[in-house]
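The values are calculated or read from the model by the stated rules, or taken from the named source; none is laboratory data. Fair warning: this is a prediction, and the values are worked out from it, not measured in the lab. So basically every Cβ, Gly included, is an ideal-geometry build from the backbone, and we count neighbours across all protein chains shown.
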């Protein structure tokens, strides 16, 4: 089978067998001649005039003699011996209006000796329960975070309480560090108090 060249071939013409179709097409093309509305003509003429005026304005600016010389904002300086000396030396600094510069130079700062008082060792209590089994569960959850806790018993008017306590901590910052670690592991409501 031979290759066919579709590009160089002319397109096929449609054949109309009826005479009515030919005459109706001729009538339509004759009656619908391309006419441009008056509004479009006026707008295009106005745009053309504005472009011409703009081009003339640019040409007038280019050829005007007043635009040939640059504008000078500073008056010309007369060259004298004084101006040469002034350019080599710096002017005197202005006098200060405020006195805070001198006040700061002469100000004396009193340095006091402060002692940081340690309040004592801290403890963190994470829970207080009626039964020892509940305290053991909380102690095991705390052990999973890597922190060692203790269970202390306290007897009061309402009976025996089992408290889960961590510590002692030398500084409160160390207790806060463990408290944040417990919060990240979903163990909340821990309180930091002084060791008693």
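So the values come out like this:
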| item | result |
| --- | --- |
| All positions within the stretch 173-192 that are surrounded by fewer than 16 Cβ atoms within 10 Å (Cβ to Cβ) and either free of Cβ contacts under 8 Å to residues at least 60 places away in the same chain or in contact with a strand residue (DSSP E or B) (Cβ under 6 Å, 6 or more places away or on another chain) (or both) | 173, 174, 176, 177, 180, 181, 183, 184, 185, 186, 188, 191 |
| Close pairs from the stretch 124-145: first surrounded by fewer than 14 Cβ atoms within 10 Å (Cβ to Cβ), partner outside any loop (DSSP other than H, G, I, E, B) and modelled with pLDDT of 95 or more, Cβ under 6 Å, at least 6 apart | 132/162 |
| Residue within the stretch 155-168 that is within 45 Å of the chain's Cα centre (by Cα) and crowded, with 16+ Cβ neighbours inside 10 Å present | yes |
| Matching residues in the stretch 103-158 - criterion: being under 27 Å from residue 182 (Cα atoms) and at pLDDT below 85 | 118, 119, 120 |
